[in-house]
Amino acid sequence: MSNSNIRVRFAPSPTGYLHVGGARTALYNWLLARQMQGVFVLRVEDTDLQRSTEESVEGILEGMRFLGLTWDEGPIFQSDRLDIYREYAQQLLDTGRAYECFCTPEELDQMRKELAAQKLDPKYDGRCRHLTEEQKEAYRQQGRKSVIRFKHKEEGKTEVRDLTHGTVVFDNSQLDDFVIIKSDGMPTYNFAVVIDDATMDITHVIRGEDHLSNTPKQIQIYEALGFQVPEFAHIPMILGPDKARLSKRHGATSVTQFRDEGYLPEAMLNYLALLGWGYDDSQTVFSVDELIEKFSLERVSKNPAVFDIKKLEWLNGLYIRELTIEQLYELTLPYLQKEGLVGTSLSEQEINRVKAILKELQPRIKLLSEIVEASYYFFTDELKYNEKAVNKILRKEQVPAILEYLLDGFAKVSDRFNQANLEPIFVQAQEKFSAKLGDIIQPVRVAVTGTNISPGIYEVLELLGYEVVAHRLKEAITLARG
Ligand code: GLU
């Protein structure tokens, strides 16, 4: 693409949260805008009054802000533009490309049933296309409400030139005279989207493949109004592991939910970009800047993408490891505070201890929220002993004696409780009990953390401090004998 004045848009309907599919659509648009120094418009398609809510608008904006998908224009609300849609609908009425339809829901229902009985497509049959002024007036007198329908081209074909799918040809006979203005005066999606994309000078419409079948209708409206047809790119659907369209039943699908679980925006963007796009076969990790540089619609796949939470988690872990301790501290503190593991105002010394703990755990967590489970034993006296670990590691014949021996040794270095002084005690124990180092370390680990998985034992002991360690070893001795 050479056009540097590209204008793209993300046009969510505020009827729910920002779904990963929507976020990916927003991302692809945003990447192109940033790459081409174009303009990214945020347009809220809120003409479905029953289903649109303010919370949803807030949620969508929140999700976009979290991901850093900054918009250059907007948010523009369709509900503020109703006059514009009516004006263009009037233009179509005036040029004979639209007409009023007075059919009642019951009549339409009946019509569809009859068509279905004849095994025909249940499309609108155009019965109000040729109403005379008198007939219309009579309907009005009866108190019937009207909608405005677009008079579609019945002959020939409509070609959608799509940047990911190539040219997709639709037979015009597949379409019908669809509604453009509803009886409450609101525009339908297929109409408002065209008026907006045209009047907002959108050059590239990038959206989910579920809209491909709407595109011939939209193209006919562009043509009827003499608007220039933009470029289209319909991007593949996102599926769950069972190959059904990704939905809530597959787990978290909302961007803010992922945020709350402790996914980083960098990891989300990286992963979302890969859902339907790839640069080459080897590169998986992309910084935002690299995505901006390397993204292209040509490399967007036609095939559906399968959402792989494990891969997202893995990427998240990778990005967590790249954080500075200061950043990790800022990001994890709310989780620790929410669980009451650390207080709301911390002394310098406490802050440093938390940071030292985080440094040890940074390589071991994939989600920020995992910090709670991974670190709680540093902050509380109530150890949750893992039963398996207790049975397998603590309840061994020599263990009480080993722990007693260490307890004695530790007491002698209680005021210099660090790796340099602790290590020799472990080595002595190993010799005394003719055991492997692991057989000394593992019982201590279970004793002080409750489980058999933790950072290096010396680091853990030092961070816990002598008092806590001594207390926990005594408890463990009781437990081991029990
Ligand atoms: N409001 C539509 C949606 O959320 C927008 C589709 C489009 O981008 O044209 O599906």
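Using the Cα gyration tensor of segment 83-235, with a ≥ b ≥ c the square roots of its eigenvalues, what is the shape: rounded (a/c below 1.5), prolate (a/b larger than b/c) or oblate (neither)? Write out the running numbers ahead of the final one.
On the way: a/c = 2.22, a/b = 1.44, b/c = 1.54.
It is oblate, given that a/c is not under 1.5 and a/b is not larger than b/c.
Quickly work out the N172-to-T199 label distance, labels modelled 7 Å from Cα along the C-beta direction, and quote it in nm with one decimal.
The answer from the label model is 2.7 nm.
Efficiency by 1/(1 + (r/R0)^6): what FRET value for L318 and D80, r their Cβ-Cβ distance, R0 = 30 Å, to the nearest 0.05?
Given R0 = 30 Å and the Cβ-Cβ separation, E is 0.10.
What list of ³J(HN,Hα) values in whole Hz, one per residue of segment 96-103 in order, does the Karplus curve 6.51 cos²θ - 1.76 cosθ + 1.60 (θ = phi - 60°) give from phi, with Gly and Pro shown as x?
x, 9, 8, 8, 7, 10, 10, 4
Please turn the phi angles of segment 266-281 into ³J(HN,Hα) values with the Karplus equation 6.51 cos²θ - 1.76 cosθ + 1.60 (θ = phi - 60°), one per residue in order, whole Hz, x for glycine and proline.
Karplus values, whole Hz, x for Gly and Pro: 4, 6, 4, 4, 4, 5, 4, 4, 6, 7, x, 9, x, 8, 8, 6.
Under the rule of at least 5 residues apart or a separate chain, name every residue whose amide H is placed under 5 Å from the amide H of A98.
Result for A98 returns L93, K151.
Net charge within 12 Å of H234 by Cβ-Cβ distance, Lys/Arg positive one each and Asp/Glu negative one each, not counting H234 itself?
Numbers: positive: R161, R207, K302; negative: D162, E209, D210, E231.
Summing Lys/Arg as +1 and Asp/Glu as -1 gives -1.
Cα centroid distance between segment 61-98 and segment 38-53, in Å?
If you average the Cα positions of each part, the centres end up 7 Å apart.
Amide H to amide H under 5 Å from I76: which residues, 5+ apart in sequence or cross-chain, H placed 1.01 Å off N in plane?
L42, R43, V44
May I have the convex hull volume per residue, in Å³, for the Cα set of the chain?
210 Å³
What lysines does K157 reach when the alpha-carbon gap must be under 19 Å and sequence neighbours fewer than 8 apart in one chain are set aside?
K123, K217
Between K359 and Q257, how many nm apart are label points set 7 Å from Cα along the C-beta direction?
Reported label-point gap for K359 and Q257 is 3.8 nm.
Taking loop as defined by DSSP and a crowding limit of 14 other beta carbons within 10 Å, which trypsin sites (Lys or Arg not before Pro) in segment 30-76 fit? Intermediate results must be reported in sequence, preceding the final value.
Details: sites: R34, R43, R51, R65; in loops: R51.
Sparse-neighbourhood loop trypsin sites (Lys or Arg not before Pro): R51.
Describe numerically, in nm with one decimal, the distance between label points set 7 Å from Cα along Cα→Cβ at N386 and at D125.
Once both label points are built, they end up 7.0 nm from each other.
Are there GluC sites (Glu not before Pro) in segment 141-245 that DSSP puts in a loop and that have at most 13 other Cβ atoms within 10 Å, and which ones?
Sparse-neighbourhood loop GluC sites (Glu not before Pro): E154, E155.
Going by Cβ distance under 4.7 Å, what cysteines of the chain have no possible disulfide partner?
C103, each lacking another Cys Cβ under 4.7 Å.
Using a ≥ b ≥ c from the Cα gyration tensor of segment 45-118 (square roots of the eigenvalues), is it rounded, prolate or oblate, where a/c under 1.5 gives rounded and otherwise the larger of a/b and b/c decides, a/b for prolate?
Here segment 45-118 falls in the oblate category.
Can you give me the C-alpha center-to-center distance between segment 410-482 and segment 214-255, rounded to a whole angstrom?
58 Å
Please enumerate, by chain and number, the aspartates and glutamates with C-alpha under 15 Å from the C-alpha of K243, excluding those fewer than 8 residues away in the same chain.
Within the straight-line limit of under 15 Å, K243 reaches these aspartates and glutamates: D308.
Which pairs in the list K119/K153; K355/K474; K113/K153; K311/K338; K294/K355; K392/K436 are over 26 Å apart, alpha-carbon to alpha-carbon?
Values: K119/K153 23 Å; K355/K474 28 Å; K113/K153 24 Å; K311/K338 28 Å; K294/K355 36 Å; K392/K436 16 Å.
K355/K474; K311/K338; K294/K355, as the Cα separations exceed 26 Å there.
Determine the gain in length on full extension of the stretch L331-D408; use 0.36 nm per residue of separation and subtract their C-alpha separation, reporting nm with one decimal.
Here the answer is 23.8 nm.
As an exercise, identify the GluC sites (Glu not before Pro) in segment 407-482 lying in DSSP coil whose Cβ has no more than 11 other Cβ atoms within 10 Å.
none
Every read-out reported here was derived from the displayed coordinates using simple, explicitly stated rules and does not represent laboratory data. Predicted, not measured: the structure shown is a model, and the values here were computed from it. A quick note on method: Cβ atoms are made from the backbone with ideal geometry, for glycine too, and the neighbour counts reach across all protein chains shown.
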